[in-house]
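K.L.:
Before anything else, here's the structure in question.
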Amino acid sequence: MSSNSNDGWVNPAENGDAFNSTEMSDALHNVQTENGDNAETVADAAAAGYAEAKDGWVKPQAYSYEELADNATHEWDGNAKVYEFDGELGDIGPEVPDLELQLFGDSAVRKSEGIDFSNITSLELFQEGPARVDPIPADFEKAGLHPVMLKNVQLAGYTVPTPIQRYCLPAIRAGYDVIAVAQTGSGKTAAYMIPILNKLMGKAKKLAAPRPNPTTYRDGIDAPARAEPLVVIVIPSRELAVQVFNEARKFCYRTMLRPCVVYGGGPWRDQQRQLQKGCDVLIATPGRLTHFMDEPEILTLRRLRYLVIDEADEMLQDDWKEELDKIMSGGEQEEGNINYMLFSATFPKAARDLAKTHLAETHVRLRVGRAGSSHNNIKQMVVYTDPSMKKQALIDLLNSLPPTRTIIFTNSKRTCDELDDLLFNLNFPCVSMHSDRTQMEREASMRGFRSGKSPILITTGVSARGIDVRNVMHVINYDLPSIEYGGIEEYTHRIGRTGRIGHRGLATSFYSDRDEPIASVLTRTLLETKQEVPDFLQSYIPANVENLKFEADSDFDENDIAGSGDANGGGWGADGGDDDAAVGDDTQDNVVDVGGGGW
C-alpha cells in the first residue's frame, strides 16, 4: 500500500463506507484461492517468460507503433487457422495434434467450469413459450452428441452443461426456433453452437456448397468458391465476433464444417479470401455482413439453415435496424427452411417485436433467473469516491490488492486514454481499447490482455458484452454506467466479465453523488444477489426486500406466443407498458416480480 493510500477516499464519517483495503484484499485473495489451480494470475504470466516488475506485476509492454502501422505484418484474428481436410476419408477428418493444441490449449488447463458451478446449475429455468422440451441429463456424455462433437466438447473443458445448455440442445435438435434469456456468464454461446453444429455433422456433403480442395487450392490461381453458409451468427461487436469464431473453430474441429468471421475494421480482402475458400459457419458483425451480401458473387444466404442473433438486445438499437432488417429478410433464404434463434441477457421490446415478426408461432422460450440479473459468484463492492479523487483512488486500489487480471471500465474514450497513460507511466502493465482505436490496435490490446503480457485492460462499454477471457478476477467500474447509456443492464454486463462459468469474481464500483439516478436499482441488484449494501445506499433499500421489483424491460406474458401481441408489444407483457420509463423511480417504472412467472 502506498503511503498516501487514503488520499483518494472521502471521510467515511461524512459519506458512508469508505475503502477497506483489508476487506478488498481478502475478497480478491479468496477469489484467487477458490478458483483453484486453474486461476492464472499475473505471476503465472511472468513465469511463462515475461520479466516480473516490482510489486508482483509483469513488466509493462509499450505499444509497437511501427507494427501497428504496418498492415502487411499484422496477424489478423480473422485469419486464424481452422481445421481443413479434403473429405476423402468421409465426413470426419483425422486428428491434427499441433492444431488441437492451438485450439484447445494444454490439457492441464482445459477445465472450463469453476469450483462453484453449483450457483449456475441450481438456477431455476422457466419455459415460457408455446412449446416445451425435456432437458438433457446433467452430463454431456449422456446428451446424445455425435462422438466427434462430444470429444470436442471434452477438449474444450466442458463436462457439466449449464441450465441454458440443457434445454437448448433438445430444442434445437427438435427443430424449434428458440428465444433464450440467461445471465451473463451462463454459457449461451455453447448453448447454440454445440447443438447446431452437432445436428449438421454427417450432413456437410449433402448440404454444403462446393468448395475447393484445401490441400491443393492456390490462392489467385484456382477458381474461388462462393460462400454459402449453413449457419450465420450475428454479433454486435468485433471482439465478440472473433471470440465466437474461436469457439466455432473448436467445435468444427475434425468436421467438414468450415467457420469464417467477417467484421468491420478488418481487411476486406483477407476476409473475402477466407470466404472464397468455402464457408459453412459465418460469424459476422451486421455492417460487414450486409456489405458482403451486396456482393452475391462472394456471399449468398440461399443455403442458410440457422440464423442466430447473439446479444439480441444490443443488436436491436436504432443504428443497426436497417442492417438487421436486411439480414433477417434479405438474400435468397427459402422461407420455412431457417431456424431463428435470439440469445441475450435481457429482452426488451425491440427484441420482442423482432421475435414476433420472424420466429415460428410454435417456438421454445427459455429464461434462466430474472432477465438482466447477475449471479452470486461475483462479489460486488460499491465504494463512495469523490469524482475529483478517483484517479488516486484507482491507484490505491490497484496497489492494495494482489496482482490479477483486471478490467477497468470508463464511460468515455477520453477517460480511457487518460487512465491508460496514467497507469502505464506508473509502471502498471496495462492496455486500453475503445471504438476510436483502429482494429489493429484493438486486436493487439485484446491479444496482450488474453496472453497476460498486459493483464490490466482499460476500456469503455465496447468490451462490456460477451467478452470471455480466462481468469478475469477483478472488474472495476471507474465510472458507473449512466441511465442514458445502459444503466443497470450495462452494469450487469460489465461485472459479468468476471465470475464466468462457475468461477468466483470481484467487482468494485466507484460511486459518487452524480450516480444517484442508478442508486435505487443498483441497491436492489445488490440485495438480489445477496451482497452487502453500503451505508450510503441504505436509504434506497425497499420496504419489501423479499419481493424485489425491477423495471419490466423484459416482461413477457407466459401464455403469449410470437405474433399474437398488438402493434405496441402489449401481448408480450402484463400491460404492454412503456419500456422507456425512468429507471430507479418506482413510481414510474413498469415492474415485474422476481419470483413471478412472467418476463
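The values are calculated or read from the model by the stated rules, or taken from the named source; none is laboratory data. Because the structure is a prediction, the values reported are computed rather than measured. So basically every Cβ, Gly included, is an ideal-geometry build from the backbone, and we count neighbours across all protein chains shown.
K.L.:
Among the listed residues Pro214, Pro210, identify the single one that is farther than 27 Å from Asn377 by Cα, part of a loop (DSSP other than H, G, I, E, B) and at pLDDT 85 or above.
P.N.:
Exactly one of Pro214, Pro210 is farther than 27 Å from Asn377 by Cα, part of a loop (DSSP other than H, G, I, E, B) and at pLDDT 85 or above, namely Pro210.
K.L.:
Would you check if Arg258 is over 28 Å from Met433 (Cβ atoms), touching an Asp or Glu at 6+ places or on another chain (Cβ under 9 Å) and crowded, with 24+ Cβ neighbours inside 10 Å?
P.N.:
For Arg258, the condition - over 28 Å from Met433 (Cβ atoms), touching an Asp or Glu at 6+ places or on another chain (Cβ under 9 Å) and crowded, with 24+ Cβ neighbours inside 10 Å - is met.
K.L.:
Sticking with this one: Can you tell me how many residues in the stretch 211-265 are out of contact with any helix residue (DSSP H, G or I) (no Cβ under 8 Å at 6 or more places or on another chain) and among the β-branched types (Val, Ile, Thr)?
P.N.:
3
K.L.:
Further question: Tell me, which residue of the stretch 314-333 that is among the aliphatic types (A, V, I, L, M) and not in a loop (DSSP other than H, G, I, E, B) is modelled with the lowest pLDDT?
P.N.:
Restricting to residues being among the aliphatic types (A, V, I, L, M) and not in a loop (DSSP other than H, G, I, E, B), the top hit is Met315.
K.L.:
Evaluate the following for Val383: is it over 22 Å from Glu490 (Cα atoms) and assigned to a strand (DSSP E or B)?
P.N.:
In short, no.
K.L.:
Additional query: Yes or no: Lys321 more than 27 Å from Pro214 (Cβ to Cβ) and outside the structural domain of Glu441 (by TED's automatic domain parsing)?
P.N.:
yes
K.L.:
From the list Glu418, Glu489, Glu441, which one is charged (D, E, K, R) and within 26 Å of Leu526 (Cα to Cα)?
P.N.:
From the options Glu418, Glu489, Glu441, the qualifying one is Glu489.
K.L.:
Conditions: (1) at pLDDT 60 or above; (2) touching an Asp or Glu at 6+ places or on another chain (Cβ under 8 Å). Ile92 meets all but one. Number of the miss?
P.N.:
Going through (1) at pLDDT 60 or above; (2) touching an Asp or Glu at 6+ places or on another chain (Cβ under 8 Å) one by one, Ile92 breaks only (2).
K.L.:
Additional query: I'm trying to understand the selection: among the residues of the stretch 151-165, which are touching a helix residue (DSSP H, G or I) at 6+ places or on another chain (Cβ under 7 Å) and either in a loop (DSSP other than H, G, I, E, B) or surrounded by fewer than 17 Cβ atoms within 10 Å (Cβ to Cβ) (or both)?
P.N.:
Listed by number, the residues that qualify are Ala156, Tyr158, Thr159, Val160, Pro161, Thr162.
K.L.:
Ok, one more. Read through the list (1) touching a residue at least 60 places away in the same chain (Cβ under 8 Å); (2) closer than 30 Å to Pro348 by Cβ, then give the number of the only condition that Arg414 fails.
P.N.:
Single failed check for Arg414: (1).
K.L.:
Tell me whether the stretch 206-224 contains one or more residues that are surrounded by 22 or more Cβ atoms within 10 Å (Cβ to Cβ) and within 28 Å of Pro286 (Cα to Cα).
P.N.:
No, every residue in the stretch 206-224 fails to be surrounded by 22 or more Cβ atoms within 10 Å (Cβ to Cβ) and within 28 Å of Pro286 (Cα to Cα).
K.L.:
Give the residues of the stretch 448-477 that are in contact with a Cys (Cβ under 9 Å, 6 or more places away or on another chain) and closer than 23 Å to Val521 by Cα, sorted by residue number.
P.N.:
Thr460
K.L.:
Run down Ala180, Ala191 and say which single residue is buried (at least 23 other Cβ atoms within 10 Å of the Cβ), assigned by TED's automatic domain parsing to the domain that holds Glu124 and part of a strand (DSSP E or B).
P.N.:
Ala180
K.L.:
Shifting gears a bit: Find all pairs meeting these conditions: Cβ atoms under 6 angstrom apart; at least six residues apart or on different chains; first residue within the stretch 240-255 and in the same structural domain as Ile283 (by TED's automatic domain parsing) and among the acidic types (Asp, Glu); second residue in a helix (DSSP H, G or I) and modelled with pLDDT of 95 or more.
P.N.:
Correct list of pairs: Glu247/Met193.
K.L.:
If you scan the stretch 501-532, which residues turn out to be part of a loop (DSSP other than H, G, I, E, B) and either touching an Asp or Glu at 6+ places or on another chain (Cβ under 6 Å) or modelled with pLDDT of 95 or more (or both)?
P.N.:
Scanning the stretch 501-532 gives Ile501, Gly502, Arg504, Ser512.
K.L.:
Out of the residues in the stretch 137-161 that are within 24 Å of the chain's Cα centre (by Cα) and more than 16 Å from Tyr253 (Cβ to Cβ), which is modelled with the lowest pLDDT?
P.N.:
Thr159
K.L.:
Another question, if that's okay. Checking Gln274 against (1) crowded, with 24+ Cβ neighbours inside 10 Å; (2) under 17 Å from Lys81 (Cα atoms); (3) within 25 Å of the chain's Cα centre (by Cα), which single condition isn't satisfied?
P.N.:
Of the numbered conditions (1) crowded, with 24+ Cβ neighbours inside 10 Å; (2) under 17 Å from Lys81 (Cα atoms); (3) within 25 Å of the chain's Cα centre (by Cα), the odd one out for Gln274 is (1).
K.L.:
Do we have Ile338 as in contact with a helix residue (DSSP H, G or I) (Cβ under 8 Å, 6 or more places away or on another chain), modelled with pLDDT of 80 or more and either more than 26 Å from Glu239 (Cα to Cα) or of a type outside the set (Asp, Glu) (or both) here?
P.N.:
It is false that Ile338 is in contact with a helix residue (DSSP H, G or I) (Cβ under 8 Å, 6 or more places away or on another chain), modelled with pLDDT of 80 or more and either more than 26 Å from Glu239 (Cα to Cα) or of a type outside the set (Asp, Glu) (or both).
K.L.:
Kindly indicate which of Leu301, Leu354, Leu307 is crowded, with 19+ Cβ neighbours inside 10 Å, assigned by TED's automatic domain parsing to the domain that holds Ile235, part of a loop (DSSP other than H, G, I, E, B) and at pLDDT 75 or above.
P.N.:
Every option except Leu301 fails the conditions.
For (1) buried (at least 19 other Cβ atoms within 10 Å of the Cβ); (2) free of Cβ contacts under 8 Å to residues at least 12 places away in the same chain; (3) farther than 22 Å from Thr410 by Cα; (4) out of contact with any helix residue (DSSP H, G or I) (no Cβ under 6 Å at 6 or more places or on another chain), each residue gets a yes or a no:
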position: Glu489; (1), (2), (3), (4): yes, no, no, yes
position: Gly496; (1), (2), (3), (4): yes, no, no, yes
position: Arg500; (1), (2), (3), (4): yes, no, no, yes
position: Ala507; (1), (2), (3), (4): yes, no, no, no
position: Pro517; (1), (2), (3), (4): no, no, no, no
position: Val521; (1), (2), (3), (4): yes, no, no, no
position: Leu526; (1), (2), (3), (4): yes, no, no, yes
position: Pro542; (1), (2), (3), (4): no, no, yes, yes
